[in-house]
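Undergrad: Take a look at the following structure, please.
The values are calculated or read from the model by the stated rules, or taken from the named source; none is laboratory data. Only a predicted model underlies this, so the values are computations on that prediction, with no experimental measurement involved. So basically every Cβ, Gly included, is an ideal-geometry build from the backbone, and we count neighbours across all protein chains shown. Just so you know, the surface numbers come from the protein's heavy atoms only, side chains and all, with ligands and any DNA or RNA stripped out. Shrake-Rupley method; radii C 1.70, N 1.55, O 1.52, S 1.80 Å.
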Amino acid sequence: MFLAPLFLMGLIAIGVPLWLHRVARANPVQHTFPSLMLLEAAETQRTAKRTLRYWILLLLRILLIAALVLAFAGPLWTQQRNTAASSNTRLHAILLDASLSMASNAQWSSAVAAAHSVIDNLRPADQVMLVRAAGRRMDVVHEPANTRDAGAVRAALQELKPGIERVDFGFAMSSADQWLHKPRPPVLLHLISDFQRSAAPLRFADLEPPAGAQLVMHDITGTSRANAYIEDAALSGEDSRAVQIRLRSAYEQPQQRTVVLIVDGKEQARMTVTLAPATAPNRERPVTGEGGNSREIRFDAGHSDADSSTELTQLTFENISFSAGAHRLEIRLEPQDTVPQDDRYFAVLEHANPKALLLARSSDADDAAYFSAAIGALTAPRVEVARQPASDFDTDNFNEF
């Protein structure tokens, strides 16, 4: 198979070196000569060395053209072609969730152990492949291999690490027909995940596997989510000198954390808060597993959902000194939990209520009062107006406006 089979038409170009070596050589250029009377006849001799070099040059030119054509056509080399499939062969496709929520040592270790368990239960005639799911990308870590070659799949499994993206189960199922390849034996698609709600598709029907594949779910969620994270941060207050922070916790017990506010690389404030525990049950959906048995699969609260499965905690840092313009904010949760990547939050916030300097002949003049009232009537953003006579203007304080 080729990715671009139309490029194979380029093999017609092989006729070019053939023409150069046979036709063009057989018709040498002739030149008019006045007389042959003073020329001595000679016979052109072709040695075996010249003949061999001639044929080797022709062969190399043909091989070069063929190699270029095949390179552009893109041949597909898959191990699946080399694995003999008997009538009772099954392909076990291990789809491993490598999203941020799996970064916990306990979660990832459980996922790797579940993948090893699938490999341990392979039959001699089965095949196994390994796929890493992160974001909207399915990375085929190892192509289908026979059971006797499962050691290479185990080695590839040990090299995998979770990422920072969220996984999309809907995309994983819709693209499975491509990365499973064809033709293929009956497929058991092993989905190993903690089933975060942010990974669930908009429609539950999007979880339907491709034709000829059976979905087997391995839920490696622990008894406790053991995670708290920063959801967002924003300026608040009438003068936008307060920072409001939203925290969420999936712990079953109250947790005490210190929230640190850093503005433009300098710590501005810190506050100790108690995060309320999450008490709402997780949403469950029925899924048909191996053998047609109905199972209950839990989709836990994900970072993109603001639902009752995690408890919201809000806090506000008051009287933070902001100059006009943009500021780099970093918010930290201390101490970090088992998923430290979401215990730091970065944002660039624009100070929404800058001060405006109004220069006039006199700060009490009618025109100054009129323009001051007009500027002060703005609400988005709300601008604080300072009136100052032009004669008293001090350039040292210009950066405040």
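Undergrad: State, to one decimal in nm, how far the label point of D232 lies from the label point of A373, with both points 7 Å from Cα in the Cβ direction.
TA: It works out to 3.7 nm between the two label points.
Undergrad: Determine how large the accessible area of D264 is when every protein chain is in place; take a 1.4 Å probe and give Å² rounded to the nearest 10.
TA: Looks like 60 Å² after rounding.
Undergrad: Of the accessible area of region 143-237, with the probe set at 1.4 angstrom, what percent is carbon plus sulfur?
TA: 55 percent
Undergrad: Using the alpha-carbon centroid of each, what span in Å lies between region 62-76 and region 111-133?
TA: Cα centres, region 62-76 to region 111-133: 36 Å.
Undergrad: Just want to confirm a number: the relative contact order over region 145-232, from Cα pairs under 8 angstrom separated by 6+ residues, in percent.
TA: Relative CO of region 145-232 lands at 31 percent.
Undergrad: If you plug each phi of region 178-184 into the Karplus form 6.51 cos²θ - 1.76 cosθ + 1.60 with θ = phi - 60°, what whole-Hz ³J(HN,Hα) values come out, in order, with x for Gly and Pro?
TA: 7, 7, 7, 6, 9, x, 8
Undergrad: Compare the Cα positions of S117, V141, L160 along the charge dipole of region 81-214 (+1 at Cβ of Lys, Arg; -1 at Cβ of Asp, Glu; about the Cα centre) and return the one farthest towards the positive end.
TA: V141
Undergrad: What number, in nm² with one decimal, is the all-direction average of the projected area of the convex hull of the alpha-carbon atoms of region 115-171?
TA: Mean orientational projected area (region 115-171, Cα hull): 4.2 nm².
Undergrad: Across region 156-168, in residue order, what do the Karplus-derived ³J(HN,Hα) couplings come to in whole Hz, using 6.51 cos²θ - 1.76 cosθ + 1.60 with θ = phi - 60° and x for Gly and Pro?
TA: My calculation for region 156-168 gives 5, 5, 5, 7, 6, 9, x, x, 10, 8, 9, 9, 10 Hz in order.
Undergrad: Residues of region 121-243: accessible area per residue at 1.4 Å, in Å²?
TA: Averaged over the residues of region 121-243, the accessible area is 44 Å².
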